[in-house]
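Just below is one structure, and these are the notes that go with it.
The values are calculated or read from the model by the stated rules, or taken from the named source; none is laboratory data. Since this is a predicted model, take the numbers as computed values, not measurements. A quick note on method: Cβ atoms are made from the backbone with ideal geometry, for glycine too, and the neighbour counts reach across all protein chains shown. The accessibility values were calculated without ligands, DNA or RNA, using every heavy atom of the protein model including side chains. Shrake-Rupley method; radii C 1.70, N 1.55, O 1.52, S 1.80 Å.
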Amino acid sequence: MDRRLFLSAIAGTSALPALSMPQFSSGAIRRLLDAADVARDRGVDLFAPDVPGWQGSPEEAARFAGDEDFWEPVQRAFDLDRTWINLNNGGCSPAPSHVMAQLERDLRFSNELPVIHMWQTLEPRIEIVRRELAREFGCDTEEMAITRNASEALETLIFGIDLKRGDEVVVSNQNYPRMLNAWKQRAQRDGIVLKEISFPVPSASPQEVVDRFAAAITPRTKVMEITHITNLTGQILPVKELVAMARAKGVKTFVDGAHAFAQFPFTRDELGCDFYGTSLHKWMLAPIGTGFLYVRKDQIPSIWPLMAGNPGQEADIRKYEEIGTHPAANHNAVSVSIAFHRGLGAARKAARLVYLRDRWAKRLLAEGNGRVKVLTPLDSKWGGGIGFFNVDGLDPVKLGGWLVGQHRVVQTPIVHPEFSGIRVTPNVYTTLDEVDRFSELVLTAIRKGIA
């Protein structure tokens, strides 16, 4: 078993100077290596990045989704308080222990002599992170900006595009609230017109969603902002079709991918988008305060940065990173998260998340006495690891409070003008026992009520 080959392949750093290489602790991937041994026993060689098993073909991924021998060492790669059951990884997920080890090590190294260690030694390594994120997303490195979260990425676009009074922007009432607030501020300051559309959940068909957006576009529409997957019910939108429809009408599309990137596999070209923003502290398992903004190269000059860039940066993607003094440790540790993500395999990871979702969702549907409704598409490519349900006769806010207050089960009650329920988002470290405990508690609430 050639571990040096494994490290080189997943980190993608074998041809780089030693100074620029991510620094892995001695135990950085021990748990992942344990999982690799299990995969080899199943006939999949995780050490051969040129074969399909490396990333995980859909067929092979399905075989691994419920293989606890593979996922148990992955679960041990995290330092967690297991007296809590955390089913709100869609808000913010813990990072693996070795990711945190690099973050802490670089913070201490920075603190020894910040102007040298942080600015001169560590900050240049952002170019490695840029390269590896661009490789994951399928774009040019000169189109990838490193941000602190999806909000910063999307608000760069929202406040950075030139619009004049009367120009229209089309959004959904299921867009993330912070993005809607940003557009409302532009409407107040600049006199643009914000138009919100609605679509049912779960949606009957992808075309229905496209038609709802298309009906709102007029000759005055300049921008359409959509979510790749909603943070509410986990409905995946047909991004490629939406982008193509808007482009044909001369409308730019901003894509909010906060919950999509690294939850399920896709590339830029599969979406066809010109703009994309995401957080990395959810499904990429990176440190809190990491994200990226993608802007297609020919569009960079047309989008202003949030903070003024340097002269000569007008067409440089790095102008979006001019935010003043900030830690290099956070974004550099993303390189370790990417290595962990690649070691798991994007398709295997996505299959596992759906497996965990189905384990609780289908059980509640089967045993909930007809009172459970799941608003996330099941057995469909339009749903992923996020699940959303409600129970007839149980207030979701009170049920959520009972779960966390009485039983230390963290989830996300959501009340939207058109629906309400509880969002459930396990992650790769979540055990089957934890999922089953959650299901049993909800079924108890259905049968006996909550005190």
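Values computed for the structure shown
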{"item": "Residues (touching a residue at least 60 places away in the same chain (Cβ under 8 Å), not aliphatic (A, V, I, L, M) and not in a loop (DSSP other than H, G, I, E, B)) located in the stretch 228-240", "result": "Gln235"}
{"item": "Test: residue in the stretch 174-194 that is under 25 Å from Trp382 (Cα atoms) and more than 20 Å from the chain's Cα centre (by Cα)", "result": "no"}
{"item": "Among the candidates Leu353, Leu344, residue that is modelled with pLDDT of 95 or more and surrounded by 15 or more Cβ atoms within 10 Å (Cβ to Cβ)", "result": "Leu353"}
{"item": "Odd one out for Ser93 among (1) assigned to a helix (DSSP H, G or I); (2) open to solvent by less than 20 Å² (accessible area, probe 1.4 Å); (3) within 25 Å of Thr267 (Cβ to Cβ); (4) among the small types (Gly, Ala, Ser)", "result": "(1)"}
{"item": "Selection within the stretch 287-297 - farther than 18 Å from Thr267 by Cβ and open to solvent by 90 Å² or more (accessible area, probe 1.4 Å)", "result": "Ile288"}
{"item": "Selection status of Asp395, free of Cβ contacts under 8 Å to residues at least 12 places away in the same chain and under 19 Å from Arg82 (Cα atoms)", "result": "no"}
{"item": "Residue tally, condition free of Cβ contacts under 8 Å to residues at least 60 places away in the same chain and either out of contact with any strand residue (DSSP E or B) (no Cβ under 7 Å at 6 or more places or on another chain) or within 15 Å of Pro177 (Cα to Cα) (or both), over the stretch 201-227", "result": "12"}
{"item": "Pair list, Cβ < 7 Å and 6+ apart or interchain, from the stretch 135-154 residues that are assigned to a helix (DSSP H, G or I) to residues that are acidic (Asp, Glu) and surrounded by 20 or more Cβ atoms within 10 Å (Cβ to Cβ)", "result": "Ala150/Asp256; Leu154/Asp256"}
{"item": "One residue from Val243, Val255 being β-branched (Val, Ile, Thr), open to solvent by less than 10 Å² (accessible area, probe 1.4 Å), more than 26 Å from Phe389 (Cβ to Cβ) and part of a helix (DSSP H, G or I)", "result": "Val243"}
{"item": "Selection count where residues are buried (at least 23 other Cβ atoms within 10 Å of the Cβ) and in contact with a Gly (Cβ under 6 Å, 6 or more places away or on another chain), scope the stretch 145-184", "result": "4"}
{"item": "Residue identified as of a type in the set (Lys, Arg), touching a residue at least 40 places away in the same chain (Cβ under 8 Å) and in contact with a Leu (Cβ under 9 Å, 6 or more places away or on another chain) among Arg348, Arg408, Arg423, Arg342", "result": "Arg423"}
{"item": "Residue selected from the stretch 189-226 under the condition assigned to a helix (DSSP H, G or I) and not hydrophobic (A, V, I, L, M, F, W, C), by the criterion surrounded by the fewest Cβ atoms within 10 Å (Cβ to Cβ)", "result": "Arg189"}
{"item": "Residue match in the stretch 414-436 (condition: of a type in the set (D, E, K, R), in contact with a helix residue (DSSP H, G or I) (Cβ under 8 Å, 6 or more places away or on another chain) and either assigned to a helix (DSSP H, G or I) or surrounded by fewer than 18 Cβ atoms within 10 Å (Cβ to Cβ) (or both))", "result": "yes"}
{"item": "Selected residue [at pLDDT 95 or above, surrounded by fewer than 21 Cβ atoms within 10 Å (Cβ to Cβ) and not acidic (Asp, Glu)] from Val391, Val374", "result": "Val391"}
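Quick grid of which residues meet (1) touching a Lys or Arg at 6+ places or on another chain (Cβ under 7 Å); (2) open to solvent by less than 10 Å² (accessible area, probe 1.4 Å); (3) part of a helix (DSSP H, G or I):
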position	(1), (2), (3)
Met284	no, yes, no
Gln299	no, no, yes
Ala308	no, no, no
Ala329	no, yes, yes
Asp358	no, no, yes
